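Remarks on the structure that follows.
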Amino acid sequence: MTDHIKQVDPAVADAVERERDRQESTLGMIASENHVSEAVLEAQGTVLTNKYAEGYPGARYYGGCEYVDEVERLAIDRAKELWGTDHVNVQPHSGTQANMGVYFAVLEPGDRILSLDLTHGGHLSHGHHVNFSGQLYEVEQYEVDPETGYVDYDDLEAQAREFDPDLIVSGSSAYPREFDWARIGEVADAVDAYNLADIAHITGLVAAGVHSSPVAHADFVTGSTHKTIRAGRGGIIMCDEEYADDVDSAVFPGSQGGPLLHNVAGKAVGFAEALTPDFEEYAERTVENATVLADVFRERGLSMVSGGTDKHLVLVDLRDSHPDLTGKDAEEALSAVDIVVNKNTVPGETRSPFVTSGVRIGTPALTTRGFGPEEIERVGHCIVDVLDAPEDEDVRAEVRADVERLCAEHPIYD
Ligand code: DSN
């Protein structure tokens, strides 16, 4: 795979090989990560990276775009079929750029955004003060109910009526439950706000029909293309035809230059894979595996935000069961046994984002490796064993042996 790189740049080739070994020999449970197919990897490494194609298929600012036009059109058509939407822009370089495209299409600086707070599961690009979205717009945030961990839609409606936002953002990076898209649509209508559903994490689950779709309820749907949908890395915007021109101009020339056509090719190839019946099975299994993980954690006394999950991730809140163990400690202890997760803030967080009181754990990547409920149950017990005795060398050795066996039984790439 890295023969040419090896000759030209052994240092980079070596780092790539070691990263590949790391992925093969660890359990990747970062909820936003996945393992794309060899076909998607290949697409992203093609000569399409050489081509400038500012503009859109059939209307470019450069010559020689006939083949990249074909690729971009394939990506668009497949996305329309996957998500059942009128208009698709596949050029955003990331999910954040996709959100930027929507904001630039319909908002002016100083306009108001109402969105889910980051520590309650939201995302930086939904208006956090360290992100452009929090700096350009006036942002108010809603939170989950402290008792249930669920979004309270009556509270959201009351807050929207009070704040009078121009845009309501739903969607999350760490909220384990389904959103009530219809209810959010009603609230947005009631206060005459645009409605953006960011399905970054759940693009694959929505495409496969194992998570409800916001497409009929939201004006705009954004997502990333490399998480549960398992396509080339980047972002995507979907909208009704009436917003198509505004969205397209907000992406190019509004906020991006030339599209990354090798990534657009990776998106097209991944979308083709996602249109097969195998992908539906994959998405169902991803959610089933997360449910099994939540069951093990519950049995073993761990608290989770909202008590469990409807999708591909759980958010463990360590404050009840392990008050002295931080999210950072937990991430490090699990990393030491080759289980890779990320520390995560939890609702009502009192620790810094570098420390946190929670751990976010997801099943998309392990499900791609072929893990089923039995293996996930074992992984769940391994995780709790380590959290219960993070320094215990005997526990570590036992868990490491299990991880090694599971990895060997489920290789990612040939
Ligand atoms: N970084 C992604 C995540 O981990 O959820 C969101 O962009």
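Observations
- Pick from the stretch 165-192, criterion open to solvent by 10 Å² or more (accessible area, probe 1.4 Å) and aliphatic (A, V, I, L, M), ranking: nearest to the ligand (Cβ to nearest atom): ALA182
- Restricting the stretch 33-47 to residues that are buried (at least 21 other Cβ atoms within 10 Å of the Cβ) and not β-branched (Val, Ile, Thr), the residue that is nearest to VAL71 (Cα to Cα): ALA43
- When SER357, SER352 are screened for being polar (S, T, N, Q), over 30 Å from GLY270 (Cα atoms) and touching a residue at least 40 places away in the same chain (Cβ under 8 Å), only SER357 passes.
- Test result for ALA53, free of Cβ contacts under 8 Å to residues at least 40 places away in the same chain and of a type in the set (A, V, I, L, M, F, W, C): no
- Test: residue in the stretch 373-383 that is under 18 Å from GLY121 (Cα atoms), in contact (Cβ under 8 Å) with a residue 24 or more places away in the chain and either within 22 Å of the chain's Cα centre (by Cα) or in a loop (DSSP other than H, G, I, E, B) (or both): no
- Residue that is farthest from the chain's Cα centre (by Cα) [pool: residues in the stretch 287-342 that are buried (at least 22 other Cβ atoms within 10 Å of the Cβ) and charged (D, E, K, R)]: ASP317
- Within the stretch 356-377, one or more residues are within 16 Å of the ligand (Cβ to nearest atom), open to solvent by 10 Å² or more (accessible area, probe 1.4 Å) and in contact with a strand residue (DSSP E or B) (Cβ under 8 Å, 6 or more places away or on another chain).
- Scanning the stretch 263-270 for residues that are at pLDDT 95 or above, open to solvent by less than 20 Å² (accessible area, probe 1.4 Å) and polar (S, T, N, Q) turns up nothing.
- Any hit, the stretch 158-177, residues being of a type in the set (D, E, K, R) and closer than 20 Å to SER213 by Cβ: yes
- Residue identified as aliphatic (A, V, I, L, M) and out of contact with any helix residue (DSSP H, G or I) (no Cβ under 9 Å at 6 or more places or on another chain) among ALA174, ALA200, ALA158, ALA188: ALA158
- As a summary of the residue check, VAL386 satisfies the conditions (1) closer than 24 Å to GLU24 by Cα; (2) of a type outside the set (D, E, K, R); (3) under 20 Å from the mean Cα position of the chain (by Cα) except for the one numbered (3).
- Number of residues in the stretch 71-103 that are in a loop (DSSP other than H, G, I, E, B), away from the ligand (no atom under 16 Å from the Cβ) and open to solvent by less than 10 Å² (accessible area, probe 1.4 Å): the value is 2.
- In the stretch 209-220, the condition of being within 16 Å of the ligand (Cβ to nearest atom), within 23 Å of the chain's Cα centre (by Cα), of a type in the set (Ser, Thr, Tyr) and not in a strand (DSSP E or B) is met by no residue.
- Note on the stretch 128-164: among residues that are assigned to a loop (DSSP other than H, G, I, E, B) and within 14 Å of the ligand (Cβ to nearest atom), the one that is least open to solvent (accessible area, probe 1.4 Å) is ASN131.
- Count of the stretch 104-126 residues, restricted to those that are within 16 Å of the ligand (Cβ to nearest atom) and part of a helix (DSSP H, G or I), is 6.
- Count of the stretch 387-414 residues which are part of a loop (DSSP other than H, G, I, E, B) and under 30 Å from ALA39 (Cα atoms): 5
- The stretch 335-355: number of residues that are within 16 Å of the ligand (Cβ to nearest atom) and in contact with a Lys or Arg (Cβ under 6 Å, 6 or more places away or on another chain): 3
The values are calculated or read from the model by the stated rules, or taken from the named source; none is laboratory data. These numbers come from a predicted model, not from an experiment. All Cβ positions, even for glycine, are placed from backbone atoms using ideal geometry, and neighbour counts span all protein chains on display. The protein model used for the area step is the full one, side chains on, heavy atoms only, and it has no ligands, DNA or RNA in it. Shrake-Rupley method; radii C 1.70, N 1.55, O 1.52, S 1.80 Å.
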